[in-house]
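The values are calculated or read from the model by the stated rules, or taken from the named source; none is laboratory data. Predicted, not measured: the structure shown is a model, and the values here were computed from it. Counting neighbours? That spans all protein chains shown, and the Cβs are built from the backbone with ideal geometry, glycine included.
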């Protein structure tokens, strides 16, 4: 699987609605994610540079350096390059606990399983 290879080689993770969709029981969802968010630490970006055509700069207070986005119709892929040594730093700054989850090449992580798996979340202050 190419995606798992990229996640492994680049210390990258999948987060956002795709990770949430994988975590939640199928019978509780009436939606399908239309985006794939891949978070990559800054030291791995040179390996992915060949894929990039256009980047979106991010405000300086963020742990995100820039985002490379592709889209076709309703489907989108965002490669989010962090300005830290780990890909997961921005995930813990998300707006709510519902999306503080990620998928690595080998594991699935949920920061707040007692809430998330019951369809509950808390707004991140």
Subject >> Whichever residue in region 79-103 is in contact with a helix residue (DSSP H, G or I) (Cβ under 6 Å, 6 or more places away or on another chain) and under 19 Å from residue 5 (Cβ atoms) and, among such residues, is surrounded by the fewest Cβ atoms within 10 Å (Cβ to Cβ) >> reply: 103
Original post:
Any residue in region 71-78 that is within 25 Å of residue 106 (Cα to Cα), modelled with pLDDT of 75 or more and buried (at least 18 other Cβ atoms within 10 Å of the Cβ)?
Top reply: no
Original post:
Is it the case that region 55-68 has a residue that's part of a strand (DSSP E or B) and at pLDDT 85 or above?
Top reply: no
Original post:
Any residue at all in region 109-117 that is surrounded by 13 or more Cβ atoms within 10 Å (Cβ to Cβ), in contact with a strand residue (DSSP E or B) (Cβ under 8 Å, 6 or more places away or on another chain), modelled with pLDDT of 95 or more and not in a loop (DSSP other than H, G, I, E, B)?
Top reply: yes
